[in-house]
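Notes to accompany the following structure.
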Amino acid sequence: MRFLLDTEQREFGRTLDAMLTAADTPSSVRAWGAGDFGPGRALWSRLAEAGVFALAVPEEHEGVGPLPVELAVAFVELGRHAVPGPVVETVAVAALLDSLAAQGDPAPGKRFLPSLASGGAMATLAVDASYAVDADAAQLCVVGGEREIRLAPACGATHPSADPARRLARPEGGGELLARGEGAAVAARVAGEWAAFATAAQALGVGRALLAQTVEYVKQRTQFGTPIGSFQAVQHRLADTLVALEFAEPLLYGAALSMSGPDIAAAKAAAGEAAYQASRTALQLHGAIGYTEELDLSLWIRKAQALRTAWGTPAQCRARVLGAATPS
């Protein structure tokens, strides 16, 4: 398959990149991790104005989608700039509500999708008794499991994660019932696949940011009066990281075209591992300064670690791909 973004899609990515560059996202990430959601909410509103969340919502609910390719373009940029908040989970909840509507239950979608498309509401999602990301900031906490989908009435205390800007909480039981039975199970699976897809795109962006920052650093850091970027071992390490990221990109856009579970799993495994490799390369080549939280680089390093296992570990994703490839 030969796949290239068209001019409009590339321009959309450049526009988001310029907007987020001007927004000083590192300060928003640090504030979010400290429990101050104000800067992050302001950034969320700007993303909504740019149409990011509308890409996941059908036109009949004030969206323009679902448009998986454009969502991939957007989430690569969100990862590149380490945007905080439950961006992945909001898209997943939109997919869940759209799935319910496609199965003949349009009421939840009519109720919530317009506010998700406009950015008026953040959503988070917990499936099969997992933690919910940023539940203390989201207006909508959806819980799926045991063939039921509910709105959680509240969430417990937040818990730390590998990424301080990903605040985890366990949703409480009970709450309003949105769907039950096979339709609920199908919608939860659809939501999980969209979450894995968006996470793959976000991880790819994180990896590209880490590589770019590391390349710039090795041009400046010197040993024996020579930039370390001129050393062959350093160049090989950077080249290996670039190859991993370049390998993941076509898998991501291939998954965007098919939106099949195995394709999404392949993209998630490749992008998550490539971002993690980029984080290890960045940490090693920055030396001792790479371990300091004061350096903005740490925001991407810690996000790469969290995204690697979010919505499907590498082992789980590979097992899904192998299972699809095994003759029945």
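For the range 215-229, name all the residues that are of a type in the set (D, E, K, R) and within 15 Å of LEU297 (Cα to Cα).
Restricting attention to the range 215-229, the residues satisfying the condition of being of a type in the set (D, E, K, R) are 216, 219, 221.
If the condition is that a residue be of a type in the set (D, E, K, R) and within 15 Å of LEU297 (Cα to Cα), then GLU216 is the only one that fits.
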Condition set of a type in the set (S, T, N, Q) and touching a Leu at 6+ places or on another chain (Cβ under 7 Å), scope the range 272-328, selection surrounded by the most Cβ atoms within 10 Å (Cβ to Cβ): answer is SER279
Given the options GLY63, GLY51, GLY38, GLY33, name the one that is on the phi < 0 side of the Ramachandran plot, of a type in the set (Gly, Ala, Ser) and within 19 Å of the chain's Cα centre (by Cα). GLY33
Test of understanding: among LEU204, LEU210, which residue is touching a Ser or Thr at 6+ places or on another chain (Cβ under 8 Å) and modelled with pLDDT of 95 or more? LEU210
Could you list, in sequence order, the residues of the range 107-117 that are more than 19 Å from the chain's Cα centre (by Cα) and in contact (Cβ under 8 Å) with a residue 60 or more places away in the chain? PRO108
In the range 101-130, which residues are surrounded by fewer than 24 Cβ atoms within 10 Å (Cβ to Cβ) and among the aliphatic types (A, V, I, L, M)? ALA101, ALA102, ALA107, ALA121, ALA126, VAL127, ALA129
The range 49-62 residues that are in contact (Cβ under 8 Å) with a residue 12 or more places away in the chain, paired with ones that are crowded, with 22+ Cβ neighbours inside 10 Å and of a type in the set (Ser, Thr, Tyr) (beta carbon under 8 Å, 6 or more apart): PHE53/THR90; ALA56/THR90
Which count do you get for residues in the range 110-129 that are touching a Gly at 6+ places or on another chain (Cβ under 9 Å), under 18 Å from ALA196 (Cβ atoms) and not small (Gly, Ala, Ser)? 3
Does at least one position in the range 201-219 carry a residue that is crowded, with 22+ Cβ neighbours inside 10 Å, of a type in the set (Asp, Glu) and within 30 Å of ARG280 (Cβ to Cβ)? no
Among helices (runs of 4 or more DSSP H) lying entirely in the range 222-328, which contain 1 or more residues that are within 18 Å of the chain's Cα centre (by Cα) and more than 17 Å from GLY79 (Cβ to Cβ)? 232-258, 261-286, 314-325
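Could you say which residue among VAL88, VAL69, VAL133 is among the aliphatic types (A, V, I, L, M), out of contact with any Asp or Glu (no Cβ under 7 Å at 6 or more places or on another chain) and surrounded by 21 or more Cβ atoms within 10 Å (Cβ to Cβ)?
Values: VAL69 fails: surrounded by 21 or more Cβ atoms within 10 Å (Cβ to Cβ); VAL133 fails: out of contact with any Asp or Glu (no Cβ under 7 Å at 6 or more places or on another chain).
Criteria check complete, one pass: VAL88.
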Selection count where residues are within 21 Å of the chain's Cα centre (by Cα), surrounded by 21 or more Cβ atoms within 10 Å (Cβ to Cβ) and in a loop (DSSP other than H, G, I, E, B), scope the range 140-197: 4
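The values are calculated or read from the model by the stated rules, or taken from the named source; none is laboratory data. All of these numbers come straight from a predicted model, not from anything done at the bench. Glycine gets a Cβ as well: all are built from the backbone with ideal geometry, and neighbour counts include every protein chain shown.
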